[in-house]
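Q: Dumping the structure here so I can ask a few things about it.
Nothing in this text is a laboratory measurement; each read-out follows from the coordinates by a stated rule. Please read all numbers here as calculations on a predicted model, not as lab measurements. Backbone-built Cβ (ideal geometry, glycine too); neighbour counts: all protein chains shown.
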Ligand SMILES: Nc1ncnc2c1ncn2[C@@H]1O[C@H](COP(=O)(O)OP(=O)(O)OP(=O)(O)O)[C@@H](O)[C@H]1O
Ligand SMILES: [Mg+2]
């Protein structure tokens, strides 16, 4: 592969890995921290996608461009919409407006859907809850396909991607580099927020509910409300991430992007990376996205050059094996979950004068581990 | 016309019943919500095509060439037996290789459910591999020979096969769970696995057999559903099982997860409702895929309002009540 | 005469055909230490579960602190100040012993997802609670394992963690299901002495299930005896100990 090919591969990989990281952080809040099998994740991502489509065609033009919007699905939609896309191309700021509006609207719609789907089902046993969420998500997918006024039915609708060119010119780098940096900046924001959110009594409450809900409710935790809170936050983040996914990464939208496959891919990333660990969720996303990309390249070669059509479905085996191997051999994931860090541990250290091992910095832990090994050998 | 439609819906319900009762059967003993069940269904589709190809000595059967040989006729009914065995073997193998070791290690129901997703993906890849090797990814609906026309209603081999197999499966399971050692043990394990194990029942073997039968029924149901409806929408044929997975769950939930007979009844009800609603939607020029809302709506309603499904209803009381109502002897109140 | 903080009237709980609790009525006075005894399977734990909201009663009423709490959810009953422990410890196994105790503190400001990311909104309360939690951990003599994961401690230590967790909740009344099971007699006596001390210091009320009557009878004011879901005897420990019905039940199984 020529150098240019390698660089563009890496950039494409980093871009998709960032998007998957956003999604797996949000999935981790539900599955990792609260133990909710959100098999309907695709619907909440779709909320972001739908918001992007609505903003781009219907809300954005009057608000950002000062022209009339068009409703997808009608006669002559594509001609009118193409004119709008040209107008967006002439206004970089407007494309950013689309992104911001889509993130907000997508997040809010996803959060509302999260309440609607989960509120009735949240008391159910986990397998029923998973089935109910999956069915609800399939229903959303069908509605998106049938109702052509949202994202144009089954046609792919091109979206006005946020324009990175001004910044790229300033920094003398290609657009895609800025895009990748921007996406990873968002990952940092998501990570910062979820670390802050979870290292708190709230995070501890979610773990209590996950570990033993009967004990949790006996000790004053409202279990359904706790689950609902986790679902609302996870769904909001998924809605935001969904808008970013279609606007920044794909620059187009189609109901078929929101099949349950994406749900299970994200779930695989959480499982592989670390259940209940935000850093692990990112690690899992990076690892599986890499395997996914490599598999994609090999697979499309097989399909196009050798006529082996199954090459297009290599991702099934990547994610399927990842899930099975993770559950069978390392259920805690690559980066296991850490104790919840709150000021309570400061009090503990003050009062007892000793620092628990898991709170020591990593190098101190390694040193004590090595010392213990040595001691064992000698003893 | 209406009769034809009812017959078709009934056959559809019968195929669904085969698949769903398979899930109910092993769910009752293993309590695993297995998302890979849809792949056992797709195994049935591929197995049917491969068996047909085998009958033609694998000559000239790639791509659309398979459609003509795959025409379903009464003399192909015996093919359903090897399909049952193939589906059963796949299902039993997944149980023995993946679920059982994890269950023994004390994995949570949540983990078992998640691992079934992984299994679903792996099996689907294998199916894609086979289907694309024969160039069968997209096929039209195979024809089904008309065996009789009664009062204008055509009975096709596919319709006959579905109804016949659902009947055979019911009789077989009834005999098996009452008349055989292992079937009786199966009920004991379903009621109380700990007690069953303590009283010397080989819990592994019992579950293995349940998974074998369950997967076999799924595959047979899949083959028949393929013959009845063809591939799911415009999607590849190996996604038939996945497309039917949620209706299958709907039927098992409505039937009261784990109840064989409840699931049977629920499948017929869903079959009629689903096809009826699709037809109505088509009549009004709406997209018939919206009819999937029926199984989903039913499932959600059941989960929320009668979590034990049809099997949880007190049929005796319902019957007495109905009798009273019809006699005018009293209302539903009191 | 102190008022009755807990009143149970004609409580029934059936599991299919099993009448686990079959018409139990009892009254617990405020600041009392009351024992509940009975052979295995006599319905003691089920009675606790039904009082504390885990099971909905089939019939009867539960009144706590003047409020009818029949059929309430456990977390609401907790809020009123009635907290229970479990016979088989139900700890949050991915949390440390210290955190198990800390988590059961009441009205934690940081438990709201809106406040949680803003640490300064709740850090003060958290540190205050941490001190209290550590006190309770030491009170049940678990200081040494406070920072261990609760999945790594012994069964007896788990029971003690359960107790500390219930104490952390600042309840008015505790339902303790065999708080000293799996603990050696010396430590068991210590636990009961501490319970007596807690009553004096904080005015707590205790309702305690215990199998070792010789330990229990030294500390309780009053005892209820259950058999086959019913209260078959009640009275001061020394009266109950001599009650022929009770002796018959215990010796006869
Ligand atoms: N969840 C349940 N489902 C069905 N039966 C139950 C359930 N919980 C308890 N039982 C039954 O109710 C009866 C009373 O049980 P319970 O646990 O209350 O007794 P106990 O007095 O606490 O016994 P022990 O001294 O052994 O703790 C027993 O026969 C038991 O099998
Ligand atoms: Mg008990």
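Q: Would you calculate, for chain B, the mean residue ellipticity at 222 nm contributed by helices, counting each DSSP H stretch of 4 or more residues as -39,500 (n - 2.57) and dividing by all residues, to the nearest 500?
A: My calculation for chain B gives -23000 deg cm²/dmol from helical runs alone.
Q: Considering only the protein assembly as shown, what is the antiparallel percent among its DSSP beta bridges, to the nearest 5?
A: 60 percent
Q: In nm, give the distance between the simple-model label positions of residue C:236 and residue C:248, each being 7 Å from the Cα along the Cα-to-Cβ direction.
A: Output for this residue pair reads 2.4 nm.
Q: When chain A is treated as a GNM, springs tying every alpha-carbon pair under 10 Å, which of A:276, A:153, A:32 comes out with the largest mean-square fluctuation?
A: Comparing A:276, A:153, A:32 in a Gaussian network model of chain A, the most mobile one is A:153.
Q: Going by how many other Cβ atoms sit within 10 Å of their own, how do C:129, C:14 line up, fewest first?
A: With the fewest neighbours first, C:129, C:14 line up as C:14, C:129.
Q: Cα gyration tensor of region A:81-205, axes a ≥ b ≥ c as square roots of the eigenvalues: rounded (a/c below 1.5), prolate (a/b > b/c) or oblate?
A: oblate
Q: Across peptide B:237-245, how many C-beta atoms of other chains are within 10 Å of each residue C-beta, on average?
A: 1
Q: Among rounded, prolate and oblate, which fits chain A when a ≥ b ≥ c are the square roots of the eigenvalues of its C-alpha gyration tensor, a/c under 1.5 means rounded, and a/b larger than b/c means prolate?
A: prolate
Q: So if we plug the beta-carbon distance of residue C:152 and residue B:105 into 1/(1 + (r/R0)^6) with R0 = 22 Å, what FRET efficiency do we get, rounded to 0.05?
A: Plugging the Cβ-Cβ distance into 1/(1 + (r/R0)^6) gives 0.70.
Q: When the gyration tensor of region B:111-171 is built from Cα positions, what are the square roots of 5 times its three eigenvalues, in whole Å, from largest to smallest?
A: With the √(5λ) rule applied to region B:111-171, the semi-axes are 34, 20, 8 Å.
Q: While we're looking at this one, here's another question. Calculate, for residue A:158 and residue B:64, the FRET efficiency according to 1/(1 + (r/R0)^6) with r their C-beta to C-beta distance and R0 41 Å; round to the nearest 0.05. Kindly include the intermediate steps, with their values, before the conclusion.
A: On the way: r = 34 Å, r/R0 = 0.84.
Efficiency, from the Cβ-Cβ distance: 0.75.
Q: Residues of A:347-356, mean number of Cβ from any other protein chain within 10 Å of their own Cβ, rounded to a whole number?
A: Values: counts 11, 11, 1, 4, 7, 7, 0, 2, 1, 5.
Taking the mean over all residues of the peptide, I get 5.
Q: A further question on this structure: Which value in Å is the Kirkwood Rh of region A:330-372 over different Cα pairs?
A: Every distinct Cα pair counted, the radius reaches 12.1 Å.
Q: Still on this structure, please answer the following. Of all alpha-carbon pairs in region C:115-253, indicate the percentage at a distance above 28 angstrom.
A: On the way: 2966 of 9591 pairs.
That fraction is 31 percent.
Q: Among bridges DSSP assigns within chain C, what percent are antiparallel (round to 5)? If you can, show how the numbers build up before the last one.
A: Numbers: 22 of 38 bridges.
Of all bridge pairs located within chain C, approximately 60 percent are antiparallel.
Q: Sticking with this one: Per residue of A:260-273, what is the mean number of Cβ atoms on other protein chains within 10 angstrom of that residue's Cβ?
A: 2
Q: Let me ask another. Can you tell me which of B:280, B:237, B:159 moves the most in a GNM of chain B? Springs connect C-alpha atoms under 10 Å apart.
A: Fluctuation is largest for B:280.
Q: Another question, if that's okay. At a 10 Å Cβ-Cβ cut-off, how would you order C:202, B:128, fewest neighbours first?
A: By the 10 Å Cβ count, ascending, the order reads C:202, B:128.
Q: Sort C:152, C:22, A:175 by Cβ crowding within 10 Å, fewest neighbours at the top.
A: Placing the least packed residue first, the sequence is C:152, A:175, C:22.
Q: Also, quick follow-up: Does chain B come out rounded, prolate or oblate, given a ≥ b ≥ c as the square roots of the eigenvalues of its C-alpha gyration tensor, rounded meaning a/c under 1.5 and, failing that, prolate meaning a/b above b/c?
A: Note, shape of chain B comes out oblate.
Q: Using alpha carbon centroids, what distance separates region B:138-154 and region C:1-46, in Å?
A: With region B:138-154 and region C:1-46 each reduced to a Cα centre, they are spaced 68 Å.
Q: If I model a spin label as a point 7 Å beyond the Cα along the Cα-Cβ vector, how far apart are those points for residue C:63 and residue A:279 in nm?
A: 5.7 nm
Q: Report the FRET efficiency, 1/(1 + (r/R0)^6), for residue C:201 and residue C:228, where r is their Cβ-Cβ distance and R0 is 35 Å, rounded to 0.05. Don't skip to the end; give the middle numbers.
A: Working: r = 38 Å, r/R0 = 1.08.
It comes to 0.40.
Q: If you average the C-alpha positions of region B:1-56 and of region A:255-271 separately, how far apart do those two centres end up, in angstrom?
A: Each part's Cα centre sits 26 Å from the other's.
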